[in-house]
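Everything on this sheet refers to the single structure shown next.
The values are calculated or read from the model by the stated rules, or taken from the named source; none is laboratory data. Since the model is a prediction, treat every value here as computed from it, not as a measurement. All Cβ positions, even for glycine, are placed from backbone atoms using ideal geometry, and neighbour counts span all protein chains on display. Accessible surface areas use protein heavy atoms only, side chains included; no ligands, DNA or RNA. Shrake-Rupley method; radii C 1.70, N 1.55, O 1.52, S 1.80 Å.
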Amino acid sequence: MAESWVNYAERIGSDLHLELSGPGSRRAALIRALRDAVRGGRLAPGTRLPPYRSLAADLGVARNTVADAYAELVAEGWLTARQGSGTRVAERARPPHSAVPPKAPAPPAPSARADAPHRSRPARHDLRQGTPDASSFPRSAWLASYRRALQQAPNEVFGPGDPAGRPELRAALAAYLARARGVRTEPDRIVVCSGFAHALRLLFGGRSGQILRSPLAVEAYGLPFHRQLLAAEGVRTVPLPLDEHGARVDRLSRERAVLLTPAHQFPTGGPLHAERRAAVVDRARAHGAVVLEDDYDGEFRYDRKPVGALQSLDPEQVVLIGSVSKSLSPAVRLGWMVLPERYVGDVLAAKGEREAWASVLDQLALADLIVSGSYDRHVRRMRQRYRDRRDRLVAALAERAPHVQVSGVAAGLHAVLRLPPGTERSALGAAALHGVALDGLADFRHPDTDMPAHDGLVVGYATPPEHAYGAALEALCGALASSGTRGS
Ligand SMILES: Cc1ncc(COP(=O)(O)O)c(C=O)c1O
């Protein structure tokens, strides 16, 4: 058996790992290994293969063995050989007469979407809440920031990272959050993490023991993924009912921590009433408790006055948690915790001695994006775009499905369409028939809540790319117009 990493980076910029094993000649083993690598997707269409000589030298086989193997795979249709461009994996590599078409890469299983309750079939129109328009990621600005960050980075950046996060990012965040969200903090109270979910894990499942303990009060409607994550850490969540002023914080009993979405209740959409904001912070102060503020889409506010961070009422009673998952992309995996002083040491201990979650280079790029003003420019552009989409949604529904009441649209990336009691399932069914993927409100309801259930649809109007939004809206209106959602 011969095994090798063939480093031909100077020529084509990638490594190729091949294992020659199994029965038969070296030629047969090489053909099998290459075929498997193409079939399994390890060698993507268009990939240039190493020249005969270097692959032969590396594998310890004769040059002709490699040439023969390539020729065989060209004949089978797996590879192409062209004068001047070498041997490459065929664009649609498959055996010429194979009855079995190559497997397309499977789309991620719906249940794998951390933020989606469930999904059953692929849909043409994606109106699931949870993600910003992925086609609008500010690629050029991110690249420019990354380049600048790399050029300016001192060498120590390429050593193990500080678990608190890069000082450049913490300074940029302190200034940005103060400016844009009214947060009161200093860089040394900020700990960088990989997003909201990571922050929950650090607080409730830290390796040095839990920082916060079960039970945790949560809003009766919220993201099931977060409840599941907490349950996996052994945390019992106790639902607080919601009304038109937000969470009933007067129902808190002995819980030492409460998780809220004060700026924009997720998913129902309203802000927490000013009196309740003050009341929950007062209570935390009086009982030595803590409020966890999920500031997941605080930047996206349309009609009403901006709602600043609850944290500003008392930075010693509130942990503010934010991330770039809505403002940039959930793929970036960067977030922050703004902590009361008493938790900073424990959270750092929970992170461990070295940064193990958030790429230090990404942190520097984000710091540059913020300091250079590109982050603000992107958020402002997206705010305008989402506001336009929101307006189109409201106008289209008023015309095509006037029986549906739209709520929660003053902010955020999603709207809630309130439906007459008992009609949510049929509306979801109609949406599926029209090729529309979205969530029903029931998916977000805490299983232990005793508050009355509301029927509704959660529409992620930010999700589709711009060019697809009109068709998605049309399909949604068609579904609602045709479904039995008019009630009785
Ligand atoms: C309610 C809520 N909180 C927080 C987040 C952010 O989670 P994360 O930072 O882990 O991507 C999301 C999803 O974007 C969300 O819907």
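So which residues in region 266-300 are of a type in the set (Asp, Glu) and farther than 18 Å from GLN317 by Cβ, if there are any at all?
Keep residues of region 266-300 that are of a type in the set (Asp, Glu), which gives 275, 282, 293-295, 297, 299.
Selection gives ASP297, GLU299.
Given (1) out of contact with any Gly (no Cβ under 8 Å at 6 or more places or on another chain); (2) open to solvent by 30 Å² or more (accessible area, probe 1.4 Å); (3) more than 16 Å from the ligand (Cβ to nearest atom), identify the lone condition not met by ARG201.
Every condition holds for ARG201 apart from (3).
Contact list please: Cβ distance under 6 Å, first residue in region 449-474 and among the acidic types (Asp, Glu), second residue open to solvent by 10 Å² or more (accessible area, probe 1.4 Å) and in a helix (DSSP H, G or I), pairs at least six apart or on different chains.
Close Cβ pairs (under 6 Å, with a partner that is open to solvent by 10 Å² or more (accessible area, probe 1.4 Å) and in a helix (DSSP H, G or I)) amount to ASP455/GLU424.
Out of (1) in a helix (DSSP H, G or I); (2) open to solvent by 20 Å² or more (accessible area, probe 1.4 Å); (3) touching a helix residue (DSSP H, G or I) at 6+ places or on another chain (Cβ under 7 Å); (4) over 30 Å from SER140 (Cα atoms), the odd one out for GLY429 is which?
(3) is the only condition that GLY429 fails.
Being under 30 Å from SER136 (Cα atoms), open to solvent by less than 10 Å² (accessible area, probe 1.4 Å) and among the charged types (D, E, K, R) is true for just one of ARG389, ARG385, ARG381, ARG418. Which residue is that? So that I can check it myself, show each step before the final result.
Numbers: ARG385 fails: open to solvent by less than 10 Å² (accessible area, probe 1.4 Å); ARG381 fails: open to solvent by less than 10 Å² (accessible area, probe 1.4 Å); ARG418 fails: open to solvent by less than 10 Å² (accessible area, probe 1.4 Å).
Sole residue among the options that is under 30 Å from SER136 (Cα atoms), open to solvent by less than 10 Å² (accessible area, probe 1.4 Å) and among the charged types (D, E, K, R): ARG389.
Anything in region 456-479 that is hydrophobic (A, V, I, L, M, F, W, C), crowded, with 24+ Cβ neighbours inside 10 Å and touching a helix residue (DSSP H, G or I) at 6+ places or on another chain (Cβ under 8 Å)? List them, or say none.
LEU457, VAL458, VAL459, ALA462, LEU476, ALA479
Just need a number here: residues in region 211-263 that are within 16 Å of the ligand (Cβ to nearest atom), touching a residue at least 40 places away in the same chain (Cβ under 8 Å) and over 18 Å from ALA199 (Cβ atoms).
Looking only at that region, the number is 4.
Could you say which residue among PRO421, PRO402 is farther than 18 Å from LEU242 by Cα and of a type outside the set (Val, Ile, Thr)? Walk me through it before giving the result.
Values: PRO421 fails: farther than 18 Å from LEU242 by Cα.
Just a single option satisfies the conditions, and that option is PRO402.
Taking TYR70 as meeting all but one of (1) free of Cβ contacts under 8 Å to residues at least 60 places away in the same chain; (2) of a type outside the set (D, E, K, R); (3) in a loop (DSSP other than H, G, I, E, B), write down the number of the exception.
Single failed check for TYR70: (3).
When region 1-45 is examined, which residues are found to be surrounded by 11 or more Cβ atoms within 10 Å (Cβ to Cβ), modelled with pLDDT of 85 or more and not in a helix (DSSP H, G or I)?
LEU20, SER25
Give the residue, chosen from LEU310, LEU348, LEU369, that is open to solvent by less than 10 Å² (accessible area, probe 1.4 Å) and more than 16 Å from the ligand (Cβ to nearest atom). Please lay out each step first, then the result.
Details: LEU310 fails: more than 16 Å from the ligand (Cβ to nearest atom); LEU348 fails: open to solvent by less than 10 Å² (accessible area, probe 1.4 Å).
Answer to the check: LEU369.
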